[in-house]
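Worksheet: one structure, shown below.
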Amino acid sequence: MNLQGIQKMTLLDYPGKLACTLFFGGCTLRCPYCHNAPLVTGPFAAPIPRAELLAFLNGRRGLLDGVCLSGGEPLLQAELPALLEEIRALGFAVKLDTSGVCPGQLKELVSRDLVDYVAMDVKNAPARYGETVGIPGFDLAPVEESVSFLLSGAVDYEFRTTVVAELHDRESMARLGQWISGARRYFLQCYTQRDSVLVPGLHPPARDQMEDYLKIVRDYIPNSALRGVDGAD
């Protein structure tokens, strides 16, 4: 299990809960704007032992409400179902952050009642997906399967998109909104420039652009909002 880090407390990562966040190394995507690039490409530090993680969580019983799984892509971890059974036994709610590239693993966790809330990154409109994930000719089918599964309401969820000036425009936002029309919740997150991104030189959209994009997607997903924009949630 390639557990690379633990954020011991967060009020932001799990809606409505005081939680910790676990960061797993490894991802099949190469999104140029990824702010967790070291967790995507490595080299990785020695993984945090499972026993150490469980000891930490046991000591936080009654203090934390939940555990967030992030990365990287957590669903690439073969030991994840077994780990979540142990986390569940300690009484924690579980939130999963995923890119949707592993629909089989996602469905397994939900069917076994091992996850309470899923936050899926929907990167862009289908026509621009390969460009946005850094993989020309990207096979969108697994992502489409994950989107359809979440839209079915099998588990509580949100979709979210990190908006980058060079990768998103009004047409792509409209196509994206059409794709996930009727979603329970949708958030547009403003890209933040950091030294750790995979490809430097990208830029965040202006606030008025973000507000324009929000109006566009609200035609398809009324429960949409901005994140990471001054004055927004």
- Message: Quick check: Cα centre of the range 179-233 to Cα centre of the range 70-91, how many Å?
- Response: 28
- Query: Given only helices, namely DSSP H runs of n ≥ 4 each adding -39500 (n - 2.57), what is the per-residue ellipticity at 222 nm of the chain, to the nearest 500 deg cm²/dmol?
  - Reply: -8500 deg cm²/dmol
- Message: Shape verdict for the range 118-166, please, from the Cα gyration tensor: rounded (a/c under 1.5), prolate (a/b greater than b/c) or oblate.
- Response: oblate
- Straight-line reach check, K107, cutoff 19 Å on alpha carbons, 8 or more apart in-chain or any other chain, hits among lysines -> K95
- Item | Degrees, to the nearest 10: 170-179 long Cα axis against longest axis of the chain | 50
- Query: Working out 0.36 nm times the residue gap between E85 and D208, then minus their Cα-Cα distance, what length gain in nm do you get to one decimal?
  - Reply: 39.8 nm
- Write out the GluC sites (Glu not before Pro) in the range 127-233 meeting two conditions: DSSP loop, and at most 15 other Cβ atoms within 10 Å of their Cβ. E166
- Message: Out of all DSSP beta bridges in the chain, what portion is antiparallel? Express it as a percent rounded to 5.
- Response: 15
- Subtracting the Cα-Cα distance from 0.36 nm times the residue separation, let me have the gained length for K107 to S152 in nm, one decimal. 15.0 nm
- Item | Free-standing Cys, the chain [no other Cys Cβ under 4.7 Å] | C20, C27, C68, C102, C190
- Task: With a Förster radius of 41 Å, plug the Cβ-Cβ distance of T41 and R218 into 1/(1 + (r/R0)^6) and report the FRET value to the nearest 0.05.
- Result: 0.70
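Laboratory data are not the source of any read-out in this text; all were calculated from the coordinates shown. This one's a predicted model, so the numbers in the text were calculated from it and none came from an experiment. With ideal geometry, Cβ positions are generated from the backbone for all residues, glycine too; neighbour counts draw on all protein chains shown.
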